[in-house]
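The values are calculated or read from the model by the stated rules, or taken from the named source; none is laboratory data. In this text the structure is predicted, and so the values were computed from the model without any measurement. Cβ: placed from backbone, ideal geometry, glycine included. Neighbour counts: every protein chain shown. Keep in mind that these areas ignore ligands, DNA and RNA; they rest on the heavy atoms of the full protein, side chains included. Shrake-Rupley method; radii C 1.70, N 1.55, O 1.52, S 1.80 Å.
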Amino acid sequence: MSKVIPFNFGWKFKNGFLDDYKFKGIEKDCEVVDIPHTVKILQKNYFDEKDYQNIYTYCYEFGDIKLNQNQMAVLRFEGVANYCEVYFNGHLAGTHKGAYLPFEFDITSYLGKRNKLIVKVDASENPDIPPFGGVVDYLVYGGIYREVSLNIISKKHIKKVFISSDIHKGNLVFDILLSDLDGNLFININDKGNQYTKSIEIINNHIVEEINIPDYKLWDIDNPYLYDVEIKYVSSDGQEDIQNYKTGFREIKFTEKGFYLNGKKIKLLGLNRHQSYEGIGYAAPKRMQEADALFLKNFLGVNIVRTSHYPQSVHFLNKCDEIGLLVMEEIPGWQHIGNKDWQEISIRSVQEMIERDYNHPSIIIWGVRINESMDNDELYSKTNDLAHKLDQTRPTFGVRFIKKSHLLEDVYTYNDFTLRDGSIIIEKPKDVAPKNAPYMITEHNGHMFPTKKFDNSKRQTDFCLRHAKVINEFFKNDRISGCLGWCMSDYNTHKDFGSGDGICYHGVSDIYRRPKPVAYVYVSQYGKQPVLHISSDMHTGDYDAADIGDVYAFTNCDFVRVFKNNQFIKDFYPSNSPFKNMPHPPILIDDFIGELIEKNEKFSKKDANKIKELLIAFSKNSFNLSIVQKLKMFILMKKYKLTMQDATNLYGKYIGNWGQQLTQYRFEGYIDGKCVIKVIKGKVYKPVLKVEFDSKTLAETHSYDMTGVYITLTDENGNVLPYANNVVTVITDEKLSVIGNNQKALSGGTTGFYLKTKGVGGQSKIKIKVSDCQEYEDIITIDVSKSYRNI
Ligand code: GAL
């Protein structure tokens, strides 16, 4: 019987390493830490990236582990950055290069009554290990940042399991490798109580078996139906190994006419995700990994994510399986290709990635090329051949920024940063990829238009429109299977990139995954709930020359009705949109006067319209009006005996909104004739505190639990106040610790803190103080009854 013993609580940790530690461990000057762990909590920005690039020691001690003669003990690390040496009871158990894939060491013969596990972690950027050797636009934070376990397994055991499906025959296909040629194998598929079983007498230790499921259900993005699979191996001398999986029926096809899931064409709209978080870097436990998958699928409404630029946590991938979020997964790297040894690690990464993740139905394609690297046929023939040999059910991709590069993969995947000020938005696939090759855009925007959550409405609107432009072209073109924006959230990076403060502000959300306005370009496309987001905050004074310009509604409503100070202005429809190919074109709102001049003033209908046009022209061009416009103005002023003051008053009243008691805009979204959502924009009288959690019920199990708490100031109508920079203090009791500093200023109206459990169960009180604002209190419930902390 296999048994997994989590080793995630109570490690000793210190900066530095001495040879002596290999045998003695560390006692003095160390902290006690839990895994996932980052070697250094970085401040949000303006940090020194060298601060964490040192050598560290981790030490874990445990007592007697009883094994019978048929059992072995295997240490498993899910991810250690970047290089490590593992010493067990004074012996070198093994070493590992690379931050993103798991590794195991058999320590059976070294086990004693008292056991000491020492891990020397080298967090420096060793040029011999991918992605290092050149520059890299992201940080690889050091530490034992994914879980560790001791696996007690039978000597006769299951070595590998690959499960796929044949949707035409209704079969689940098993490809299983056993350690021994002996005994029986039992496969049990559980479909919510219905069991399908097969027992196989072992005459070959490589078993390929198909099991038919009558009336099977497909796994797809709307209904990601999963089957539970148990595989049990029993040898003739009674040794047992059991492994559990979840799997689904699905078929994927990339063609030159697009992507098909189970025979149905789907336009893949998505984003790239980095696995980093503010302060904690990569060390985010299960809940936080899952939260990102939920954010992408349930909030942003995208149907695909690229794990740029490395294999990510299995917790993230499991959640993607569960919620139907498609995944493109790729090997670690960024532009640079190192020497032969370096390349060997890349080739090995292909194998380790596919072997770790083959059984995730959400993964639809393997990335077997270093992101944005130059052609290297020798290397990439190997990575492609290996991927194809290991997995005949999935195609390969390799992300490029070069056109017409030699395509060894199945899909040409291109980072298209074409969009500048001109009219060319994206490249034509035929100018980039070989004829008939399936084609995807794997990144766009990003560094071309970094936008901070505290940038003004004009820049936010431009940012939105840039994403909308590319997405619109994508929907127009049948050849393009998918289009993924750069990127899900802002991220910390090296000094060579970003805004000088160690952050790339390329995200559709900030570093805490709080949405920027551009997020709603995505939310409004495939999102299931009614959405209405207005691109402007409608404060004229925040615009150059007080010209708000065109405003857009990102919405899935049929039309948007606009009111100013409770007076109806006009209905606006998607037919008005410059982005008509999108499932829900952003609606252009280019008139905030409507018929108000005609209604409120003493002009004829025709003249009221002329005056409106002139006021709008003036707001855009000031006195630089055309001769015709100047003439019209002169005639109208004469006809109605208007002085310059009268004209200025009209401008102030209808465009500038000067001196009015209240200027309030109400936007109403209608679906099937009913108003389903409202947005109100106007003066802010009193900031309102909004506090969000990933979860208010936490549970420690294999590892500690964590939630983010996100503090935002909004106006009374729920609009985020992007220039609020109040100071927030979070106070917790003995049951939760705040990671890093418990005091931060709002930035872009928001800030966040990560709260970690400490093995104490019950109700934890949390208090949030915001300067010049009200206080907030809440309760977080913590369950430690299933915690492995004290076992
Ligand atoms: C791409 C690169 C990404 C990121 C992005 C910024 O070239 O693949 O990792 O750096 O640029 O726009």
**Report entry** Residues satisfying the stated conditions in the stretch 437-448, i.e. of a type outside the set (Gly, Ala, Ser) and surrounded by fewer than 20 Cβ atoms within 10 Å (Cβ to Cβ)
**Finding:** His447, Met448
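In this structure, is Lys192 closer than 30 Å to Ala81 by Cα and either open to solvent by 50 Å² or more (accessible area, probe 1.4 Å) or of a type in the set (Lys, Arg) (or both)?
In short, no.
For Asp537, are the conditions met, namely being more than 30 Å from Gln289 (Cα to Cα), more than 16 Å from the ligand (Cβ to nearest atom), under 29 Å from the mean Cα position of the chain (by Cα) and at pLDDT below 95?
So Asp537 passes the test.
Only one residue in Thr418, Thr413, Thr383 is open to solvent by less than 10 Å² (accessible area, probe 1.4 Å), within 16 Å of the ligand (Cβ to nearest atom) and either hydroxyl-bearing (Ser, Thr, Tyr) or part of a helix (DSSP H, G or I) (or both). Which one?
Going through Thr418, Thr413, Thr383 in turn, the sole match is Thr413.
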**Report entry** Residues located in the stretch 307-331, provided they are over 19 Å from Pro285 (Cβ atoms) and within 16 Å of the ligand (Cβ to nearest atom)
**Finding:** Ser308, His309, Met328, Glu329, Glu330, Ile331
Report task. Identify the residue in the stretch 20-41 that is open to solvent by less than 100 Å² (accessible area, probe 1.4 Å) and in contact with a Gly (Cβ under 6 Å, 6 or more places away or on another chain) and, among all such residues, is farthest from Ala99 (Cα to Cα). Result -> Ile41
Report summary line: Note on the stretch 262-294: residues touching an Asp or Glu at 6+ places or on another chain (Cβ under 7 Å), among the charged types (D, E, K, R) and not in a loop (DSSP other than H, G, I, E, B) are Arg287
Report summary line: So, first residue without any contact (Cβ under 8 Å) to a residue 12 or more places away in the chain and within 17 Å of Val518 (Cβ to Cβ) in the stretch 489-506, second residue open to solvent by less than 10 Å² (accessible area, probe 1.4 Å) and not aliphatic (A, V, I, L, M), Cβ within less than 6 Å, six or more apart or across chains; the pairs are none
Query raised in the report: How do the pairs read when you match residues in the stretch 427-451 that are within 12 Å of the ligand (Cβ to nearest atom) with residues anywhere that are open to solvent by less than 10 Å² (accessible area, probe 1.4 Å) and among the hydroxyl-bearing types (Ser, Thr, Tyr), using Cβ under 7 Å and keeping only pairs 6 or more apart or on different chains?
Result: Thr442/Thr413
Report task. Return the residue satisfying two criteria in turn: it lies in the stretch 393-409 and is open to solvent by 60 Å² or more (accessible area, probe 1.4 Å) and within 20 Å of Gly258 (Cα to Cα), and of such residues it is farthest from the ligand (Cβ to nearest atom). Result -> Lys404
Report summary line: Checked against (1) of a type in the set (Phe, Trp, Tyr); (2) within 16 Å of the ligand (Cβ to nearest atom); (3) in contact with a Leu (Cβ under 8 Å, 6 or more places away or on another chain), Phe105 satisfies every condition except (2)
Query raised in the report: Which residue pairs have Cβ atoms closer than 8 Å, lie 6 or more positions apart in sequence or on different chains, and pair a first residue in the stretch 397-418 that is closer than 17 Å to Ile331 by Cβ and among the charged types (D, E, K, R) with a second residue that is outside any loop (DSSP other than H, G, I, E, B) and open to solvent by 10 Å² or more (accessible area, probe 1.4 Å)?
Result: Arg400/Tyr414; Asp410/Phe254
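Taking the stated definitions as given, is Ile593 within 30 Å of Ile671 (Cα to Cα), over 39 Å from the mean Cα position of the chain (by Cα), in contact (Cβ under 8 Å) with a residue 60 or more places away in the chain and surrounded by 15 or more Cβ atoms within 10 Å (Cβ to Cβ)?
Details: within 30 Å of Ile671 (Cα to Cα): yes; over 39 Å from the mean Cα position of the chain (by Cα): yes; in contact (Cβ under 8 Å) with a residue 60 or more places away in the chain: yes; surrounded by 15 or more Cβ atoms within 10 Å (Cβ to Cβ): yes.
Yes, satisfied.
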Report summary line: Taking the stretch 516-530 and keeping residues aliphatic (A, V, I, L, M), more than 16 Å from Val305 (Cβ to Cβ) and touching a strand residue (DSSP E or B) at 6+ places or on another chain (Cβ under 8 Å) leaves Val521
Query raised in the report: Somewhere in the stretch 511-530, is a residue without any contact (Cβ under 8 Å) to a residue 60 or more places away in the chain, within 16 Å of the ligand (Cβ to nearest atom) and in contact with a Lys or Arg (Cβ under 6 Å, 6 or more places away or on another chain)?
Result: no
Query raised in the report: Restricting the search to the stretch 596-639, which residues are of a type in the set (A, V, I, L, M, F, W, C), surrounded by fewer than 19 Cβ atoms within 10 Å (Cβ to Cβ) and not in a helix (DSSP H, G or I)?
Result: Phe623, Leu625
**Report entry** In the stretch 520-558, the residues that are aromatic (Phe, Trp, Tyr) and either open to solvent by 30 Å² or more (accessible area, probe 1.4 Å) or more than 27 Å from Asn657 (Cα to Cα) (or both)
**Finding:** Tyr520, Tyr522, Tyr526
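Considering only residues that are more than 35 Å from the chain's Cα centre (by Cα) and not charged (D, E, K, R), which ones fall in the stretch 104-120?
Ile107, Thr108, Ser109, Tyr110, Leu111, Gly112, Asn115
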Report task. Might you check whether a residue that is open to solvent by 40 Å² or more (accessible area, probe 1.4 Å) and either outside any strand (DSSP E or B) or over 19 Å from Glu256 (Cα atoms) (or both) occurs anywhere in the stretch 460-467? Result -> yes
Query raised in the report: What are the pairs, 6+ residues apart or on separate chains, where a residue within the stretch 570-582 that is farther than 15 Å from Leu532 by Cβ has its Cβ under 8 Å from a residue that is assigned to a loop (DSSP other than H, G, I, E, B) and of a type in the set (Gly, Ala, Ser)?
Result: Lys570/Gly594
Query raised in the report: open to solvent by 10 Å² or more (accessible area, probe 1.4 Å), within 16 Å of the ligand (Cβ to nearest atom) and among the small types (Gly, Ala, Ser): does that describe Ser499?
Result: yes
Query raised in the report: Would the stretch 343-362 turn up any residue that is open to solvent by less than 10 Å² (accessible area, probe 1.4 Å), touching a residue at least 24 places away in the same chain (Cβ under 8 Å), of a type in the set (Gly, Ala, Ser) and within 16 Å of the ligand (Cβ to nearest atom)?
Result: no
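Condition check ((1) closer than 25 Å to Met488 by Cβ; (2) in contact with a strand residue (DSSP E or B) (Cβ under 6 Å, 6 or more places away or on another chain); (3) open to solvent by less than 10 Å² (accessible area, probe 1.4 Å)) across all residues:
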site: Ile425; (1), (2), (3): yes, no, no
site: Lys430; (1), (2), (3): no, no, no
site: Lys435; (1), (2), (3): no, no, no
site: Thr451; (1), (2), (3): yes, no, yes
site: Lys458; (1), (2), (3): yes, no, no
Requested in this report: Consider only pairs whose beta carbons are under 6 Å apart and that are at least six residues apart or on different chains; among these, list those whose first residue lies in the stretch 174-187 and is outside any strand (DSSP E or B) and modelled with pLDDT of 95 or more and whose second residue is surrounded by fewer than 17 Cβ atoms within 10 Å (Cβ to Cβ) and of a type in the set (Gly, Ala, Ser).
Outcome: Gly183/Ser236
Requested in this report: Would you mind stating whether Thr38 is assigned to a strand (DSSP E or B) and polar (S, T, N, Q)?
Outcome: no
Report summary line: For Trp334, the lone unmet condition from (1) within 16 Å of the ligand (Cβ to nearest atom); (2) open to solvent by less than 10 Å² (accessible area, probe 1.4 Å); (3) touching a Pro at 6+ places or on another chain (Cβ under 6 Å) is (2)
